[in-house]
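The values are calculated or read from the model by the stated rules, or taken from the named source; none is laboratory data. Just so it is clear, the model here is predicted, and its values are computed rather than measured. Virtual Cβ from ideal backbone geometry, glycine too; neighbours counted across all protein chains shown.
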């Protein structure tokens, strides 16, 4: 193999050695660029979004409505060098429940950032429609024929109403009357009581009836409220009749009888069929000893001739006190016969009476 001069051999080594240094430098630059690229690469922040809360129920009343956000914002650390940073951003909000919505609204709203921030309340207080309400107590009453039932009615303003209110009642049975005391009331804040008196007569039919109450002030009217009225028949006690001739009897003489009536009931009675009859005669001892007769056949009775029904008020009354002419009273006449009537001298007549009375 031919030999290479030493000069050329040295140059080749020099060139080869320089190439190695150059390759090492390029590799170092590439590694450095990779490290810088890794260090300076932007890291995308993780984001978290909040969840929406539940919606409340809606009811037809004046209750509050609430809504709001309570945000929780997280903060992270940003890495340097080879450390990877965790960065959090965004609202982690919980939306409040929606409240019950009615005529009036009381809103409650909350917001939050960087932790929990206090609630902030907003909303409107809105009153309902202006009106009138009636509250009767009790809602049912019983009354006997000829009696009176009373109710207490509380009249209230609603929705800020103020004004004069008059009350009315419908559904009364026949022969029944009603009155309010006072007849009108002026209401505003608060309430005003009114007494309702329902009077039944002796002619009011027994039964249970619904009475409708209503309050009015111009175009503003209350809702109709209903109370119950039960009418019961009077349990009548027997009335009594008494009386006697207003003078002495003799053959051919007639005397009237002023009947007395005692009515123990608390309602007037309509009396008919008044009848007087002789039930017995008590002679004197002398007439009995001498066997002198006196019989009911020695007398005649004329019955009441006035008009019926005859009204007997509660308590005691009489034909004369009721203005009935004496000519219409029952009458007793001692007959003038051909027989010996000496046994009737000083005799006492026993009289009985009957009649019919109705309270309705």
Top-ranked residue of the stretch 237-257 - restricted to ones that are crowded, with 17+ Cβ neighbours inside 10 Å and not in a strand (DSSP E or B), ranked as nearest to the chain's Cα centre (by Cα): 239
query: From the list 304, 277, which one is in contact (Cβ under 8 Å) with a residue 12 or more places away in the chain and surrounded by 15 or more Cβ atoms within 10 Å (Cβ to Cβ)?
result: 304
query: Going by the structure shown, is residue 247 free of Cβ contacts under 8 Å to residues at least 12 places away in the same chain and over 23 Å from residue 154 (Cα atoms)?
result: yes
query: Right, residue 310: surrounded by 15 or more Cβ atoms within 10 Å (Cβ to Cβ), modelled with pLDDT under 95 and in the same structural domain as residue 246 (by TED's automatic domain parsing) or not?
result: yes
- request: Could you tell me whether residue 121 is surrounded by fewer than 18 Cβ atoms within 10 Å (Cβ to Cβ) and at pLDDT 50 or above?
  value: no
task: Considering each residue of the stretch 178-213, count those that are closer than 23 Å to residue 235 by Cα and in a loop (DSSP other than H, G, I, E, B), and give that number.
output: 6
query: residue 294 is checked against (1) in a loop (DSSP other than H, G, I, E, B); (2) without any contact (Cβ under 8 Å) to a residue 40 or more places away in the chain and fails just one. What number does that condition carry?
result: (2)
- prompt: Could we say that residue 192 is in the same structural domain as residue 156 (by TED's automatic domain parsing) and either modelled with pLDDT under 95 or under 30 Å from residue 165 (Cα atoms) (or both) here?
  reply: yes
Output for the stretch 317-337, where each listed residue is farther than 30 Å from residue 294 by Cβ and surrounded by 14 or more Cβ atoms within 10 Å (Cβ to Cβ): 317, 322, 324
Residue satisfying condition, being at pLDDT 50 or above, within 30 Å of residue 208 (Cα to Cα) and surrounded by 15 or more Cβ atoms within 10 Å (Cβ to Cβ), within set 147, 131: 147
field: Where residue 157 falls short, out of the listed (1) without any contact (Cβ under 8 Å) to a residue 40 or more places away in the chain; (2) surrounded by fewer than 19 Cβ atoms within 10 Å (Cβ to Cβ)
entry: (2)
Qualifying positions in the stretch 201-226 - closer than 15 Å to residue 148 by Cα and surrounded by 14 or more Cβ atoms within 10 Å (Cβ to Cβ): 201, 202, 203, 204, 205, 206, 209, 211
message: Return the residues of the stretch 320-340 that are within 25 Å of residue 281 (Cα to Cα), out of contact with any helix residue (DSSP H, G or I) (no Cβ under 6 Å at 6 or more places or on another chain) and assigned to a loop (DSSP other than H, G, I, E, B); say none if nothing qualifies.
response: 329, 330, 336, 337, 338, 339, 340
query: Has the stretch 254-276 got at least one residue that is within 24 Å of residue 349 (Cβ to Cβ), out of contact with any strand residue (DSSP E or B) (no Cβ under 8 Å at 6 or more places or on another chain) and in the same structural domain as residue 339 (by TED's automatic domain parsing)?
result: no
